[in-house]
1. Could you name the aspartates and glutamates whose alpha carbon sits less than 16 Å from that of residue 272, not counting residues in the same chain fewer than 8 places away?
2. Please list 293-300, 129-136 highest first by mean number of surrounding beta-carbon atoms within 10 Å per residue.
3. Give me the 1.4 Å probe accessible area per residue for the chain, excluding ligands and nucleic acids, in Å².
4. Identify all lysines with a Cα-Cα distance to residue 355 below 16 Å; exclude those on the same chain that are fewer than 8 residues away in sequence.
5. Using alpha carbon centroids, what distance separates the range 1-61 and the range 161-199, in Å?
6. Please give the solvent-accessible surface of residue 285 in Å², to the nearest 10, using a probe radius of 1.4 Å with every protein chain present.
7. State the percentage of accessible surface on the range 21-251 attributable to carbon and sulfur atoms; use a 1.4 Å probe and exclude ligands, DNA and RNA.
8. Which percent of the accessible heavy-atom area of the range 255-361 goes to carbon and sulfur, probe 1.4 angstrom?
Amino acid sequence: MSLSRPFNFSAGPATLPEPVLRQVAAEMLDWQGSGMSVMEMSHRGREFISICERAEADLRELLAVPNHFRILFMQGGGLGENAIVPLNLSRGGKVDVVVTGSWSRKSATEARRYADVQIAAEGDGRSIPRDWALRSDAAYLHLCTNETIDGVEFHELPRVANGVPVVVDCSSHLLSRPIDWERVGLAFGGAQKNIGPAGLTLVFVRDDLLGHALDICPSAFNYATVAAAQSMYNTPPTFAIYVAGLVFQWVKAFEYAGQRGLAAIEQHNIDKAALLYSALDASGFYENRVEPACRSRMNVPFFLRDESLNDAFLAAAKAAGLLQLKGHKSVGGMRASIYNAMPLEGVRTLVDFLKDFEARHG
Ligand SMILES: *Cc1c(COP(=O)(O)O)cnc(C)c1O
């Protein structure tokens, strides 16, 4: 890793593994002797089909996606899926949503255009609410398993009775940990948090949930149509799929604490988060307000108790090579997003900076 690049804590689009960026740069003008950039290739040509098939196979292997789930490469982002999911799954009926923060609230609002939406429980943005009023005849239950803005994460998926499928928006922790497929009907995520460039949306959908789209569903967003065409019903985001494929190869080869692949990535994420939360908790100068049992391993919002120091903090962080620590405008404060590609060294540097800034201003 080069020492010259700063550490980038953006919530998304976010930092990517440096070896991937270097490979993309090296292959930019001529992908593996083809004489073309991946951006210039037909999505139906032999070269791109090979890139896409490998990316899908590597992703399936990494997340141990069962054969009765289809993997779709789509566009529209996480917000697009807030409409695309109800168009495909609601059958015009009932949808339950557990609101744990900003993104699940947005999902509920959007789904109301297509379905009878009920908020089954609503959290305070700092915890996962306990009692859920679920309807046994709901078409599905929607959860956001990592609230990027609030920093609230499900560390275990619920077991839902009556066979109501669970839809999870896992945009900001996809590929940071395994997914319990037995408890999921559909999972979606935008790539730009943990996987690659913006423009690619990943959808994992159980076979039995295909084929129930409303008539008004655009064909390009009909999961059954997209699945039947191997994600090539219309032009997929080819360059983003290529970069995501390189990230999948990077994850497969990732080694940490005697492990390899996704297990190594997960342990690395656990250790990074523990380091940062314990530094925040040990200080009277900073604070994270999320209940410890559901703190996100990926997005760590925190506040300076003296908010008049916010601008000085951000300026000093930037000067120290620590970028994009400003919190989301809706909550203020700071936020460190520590996705897969953030090295432990980046978190150590941040923790040292936190202590140093506190020593100078505390
Ligand atoms: C970023 C994000 C979104 C929105 O993604 P877009 O690609 O901007 O539409 C939705 N849900 C979650 C959990 C996110 O982190």
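1. 153, 255, 281, 345, 352
2. On the way: 293-300: 23.1, 129-136: 11.9.
Listed from highest to lowest mean packing, they are 293-300, 129-136.
3. Values: 15240 Å² over 362 residues.
Each residue of the chain exposes 42 Å² on average to a 1.4 Å probe.
4. Partners within reach: 318.
5. Their Cα centres are 22 Å away from one another.
6. The accessible area comes out at roughly 20 Å².
7. Working: 4550 of 9310 Å².
Answer for the range 21-251: carbon and sulfur cover 49 percent of the accessible area.
8. Working: 2380 of 4690 Å².
It is 51 percent, rounded to a whole number.
The values are calculated or read from the model by the stated rules, or taken from the named source; none is laboratory data. Bear in mind that the values here come from a model prediction, so they are computed numbers and not experimental data. All Cβ positions, glycine included, derive from the backbone under ideal geometry; neighbour counts span all protein chains shown. To get the accessible areas, we keep the full protein, side chains included, count just its heavy atoms, and leave off ligands, DNA and RNA. Shrake-Rupley method; radii C 1.70, N 1.55, O 1.52, S 1.80 Å.
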